[in-house]
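Below is one structure, written out as structure tokens, with a few remarks after it.
Computed from the coordinates by the stated procedures, all read-outs in this text should not be read as laboratory data. All values derive from a computational prediction rather than experimental measurement. Ideal geometry is used to build each Cβ from the backbone, glycine not excepted, and the neighbour counts take in all protein chains shown.
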Amino acid sequence: MSTGLIDGDPQRLGGYWLAGRLGAGGQGVVYEAYDAAGGRVAIKVLHGDATTDSELRDRFGREAAAARRVASFCTAAVIDADLDGPRPYIVSEYVQGPSLRRAVEDGRRFTGGDLHRLATAVATALTAIHEAGVVHRDLKPDNVLLGPDGPRVIDFGIARTEDMSLTATGAVSGTPTYMAPEIFMGQRASSAVDVFAWGGIMLFATTGTDPFRAENLGAVMHRVLSVQPRLDMLPERLRPLVAASLAKDPQARPSARELLLALVSGDGLDTGRLLTAGSEAGARMHEGSNDPALGVLAEDAYAALGQAEREIAPEMFLRLVTVTDDGELTVRRAQLAELLDGRDENEAGAVMRVLQTFAYLVGHDGQEMWLTRPALPQAWPRLRQWVRANRDGLAFHREILTAAGRWQSQGRRDGDLFQGSTLENAMRWAATGRRDITLSSVERAFLEAAALARRRAR
């Protein structure tokens with residue numbers, strides 16, 4: 001589940017509405033987001049200014065190209081990418097479930113059949129990645145997600161194709177406790193580094209401890225280069241595979257395809273059928289997910305409302321969106337007084353109960369209220385329906401809201417009132433076309449004053 005957006009985060013990228021942060025690291029930020037149809041996706045945006053940093057843009061382009069080359073067997077498929085805008089991003093399918101690291105930190109340990117299925121799924125992903133000529137280079141428990149249809153490998157942030165040149169002698173990219181010895185020695189990262197990481201992940205999943213963990217980078221390097229971790233806690237069938245994958249000499253390690261052949265007993269299978277067999281084996285590791293989409297959270301909250309609160313809900317949420325001059329839907333911060341002024345005690349209580357029930361999705365400070373998850377208008381089908389039914393009304397209401405606020409703040413001067421066709425259109429909409437948008441006491445007073453001024457002028 002994502003955390004909220006912070007200052008400086010975008011609310012939209014292209015046609016995607018951002019809901020929150022899934023994670024952030026040295027390379028960039030990954031967001032939970034929703035497309036125009038309410039589909040849930042993950043969007044990665046790199047740190048830095050890609051408009052002035054050509055190396056950053058080139059690296060991001062290589063990541064997108066590498067990810068698109070990989071068949072989506074036990075990996076998260078790339079859906080879309082925009083590499084030309086001021087904030088380039090990559091869109092991939094959203095995997096609903098915790099990372100392997102989070103699951104283990106929460107107390108889970110993988111043994112027996114579960115560990116074998118995890119091993120098979122990750123080996124399947126590596127086989128697909130390597131068959132595409134790509135090396136992941138940052139395989140670790142954080143980049144294995146335990147989805148409802150089995151484990152998935154994600155994040156090609158420092159991936160490289162096998163024909164890319166080494167950027168610098170001795171350059172180190174990745175997570176130290178899962179780096180192969182040859183990386184610390186300044187050698188080129190081949191697909192064997194991913195196999196080494198696979199072995200480390202199996203130990204982590206079983207023991208709950210990173211296999212070469214130490215207090216500092218130098219100590220980690222020493223352990224990776226010279227220490228053979230204990231393997232006696234592994235099932236007998238996996239033990240020789242993990243031992244081979246952790247060989248200090250990359251030439252002595254099996255390929256990902258050889259690992260997968262051994263795990264699924266797939267002698268004689270071509271690569272396509274082997275990947276299918278591995279993917280099906282991984283899918284048998286079903287995961288319960290505590291990562292509901294925003295629309296599910298919102299609908300659960302709505303179901304908990306009483307009848308009085310349900311009648312107020314459309315009005316409240318439609319106050320938290322508006323349309324721009326170009327007709328684009330956007331979110332807005334609304335004054336709480338827009339909902340409370342002119343209501344009796346029972347109705348005001350219903351408003352506050354709606355806010356309390358939707359506290360995860362709607363914030364307020366006693367003065368203003370706002371959507372804490374800006375993607376909600378896309379993610380929640382019920383709100384999408386309310387917006388669709390009131391789309392024209394949102395434009396009328398924006399004009400009334402803006403003008404009424406100016407009229408109120410300037411001392412209710414006649415010169416700030418609507419006149420002519422603007423008044424006629426607003427009055428017609430207010431009388432017959434409002435649907436779920438209710439006027440506040442100030443907005444009603446504004447239109448009444450404008451109508452009175454028109455009558456006096458005749």
>> At a threshold of 8 angstrom on Cα-Cα distance, excluding pairs fewer than six apart, so keeping six or more, what relative contact order does the stretch 294-457 reach in percent?
In response: 26 percent
>> Can you give the FRET efficiency to the nearest 0.05 for GLU299 and GLN187, using r as the Cβ-Cβ distance and R₀ = 41 Å?
In response: 0.15
> Once the piece of chain linking ARG388 and ALA77 is laid out straight, how much longer is it, given 0.36 nm per residue of separation minus the C-alpha distance between them?
Replying inline: 108.9 nm
> Tell me, what is the FRET efficiency for ARG237 and ARG353 to the nearest 0.05, using R0 = 51 angstrom and their Cβ-Cβ distance as r?
Replying inline: 0.35
> Using alpha carbons only, how many degrees (0 to 90, rounded to 10) separate the axis of helix 112-131 from the longest principal axis of the chain?
Replying inline: 90 degrees
> Tilt of helix 391-409 relative to the longest C-alpha principal axis of the chain, in degrees (0 to 90, nearest 10)?
Replying inline: 60 degrees
> For the residues ILE183, ILE201, ILE79, what sequence is obtained by ranking on other C-beta atoms within 10 Å, fewest first?
Replying inline: ILE79, ILE183, ILE201
>> Restricting to Cα pairs below 8 Å that are 6+ residues apart, what does the relative contact order work out to for the stretch 1-128? Please round to a whole percent.
In response: 17 percent
>> Given contacts defined as C-alpha pairs under 8 Å and at least six residues apart, what's the relative contact order of the chain, whole-number percent?
In response: 14 percent
> Given R₀ = 25 Å, FRET efficiency for GLN367-SER421 by Cβ-Cβ distance, to 0.05?
Replying inline: 0.10
>> At a 10 Å Cβ-Cβ cut-off, how would you order TYR302, TYR16, fewest neighbours first?
In response: TYR302, TYR16
> Once both labels are modelled 7 Å past Cα along the beta-carbon direction, what's the ARG310-GLU399 spacing in nm?
Replying inline: 3.5 nm
> Using modelled backbone amide H atoms (1.01 Å from N, in-plane), which distant-in-sequence or interchain residues come within less than 5 Å of HIS47's amide H?
Replying inline: GLY28, VAL29
> Dipole of the chain (Lys/Arg Cβ +1, Asp/Glu Cβ -1, origin at the Cα centre): which of PHE73, VAL224, THR357 lies farthest to the positive side?
Replying inline: THR357
>> At 0.36 nm per residue, and after removing the present C-alpha to C-alpha distance, how many nm does the segment from ARG455 to ALA214 gain when stretched out fully?
In response: 78.5 nm
> Against the longest alpha carbon principal axis of the chain, how many degrees, from 0 to 90 and to the nearest 10, is the axis of helix 420-432 turned?
Replying inline: 70 degrees
> Where in the stretch 330-358 is the amide nitrogen less than 15 Å from a point lying 7 Å along the Cα-to-Cβ axis of ARG444?
Replying inline: 338-348
> Simple spin-label model, 7 Å along Cα-to-Cβ: ASP436 to SER226 in nm?
Replying inline: 6.8 nm
> In nm, to one decimal, how far is the GLU258 label point from the ASP344 one, both placed 7 Å along Cα→Cβ?
Replying inline: 8.1 nm
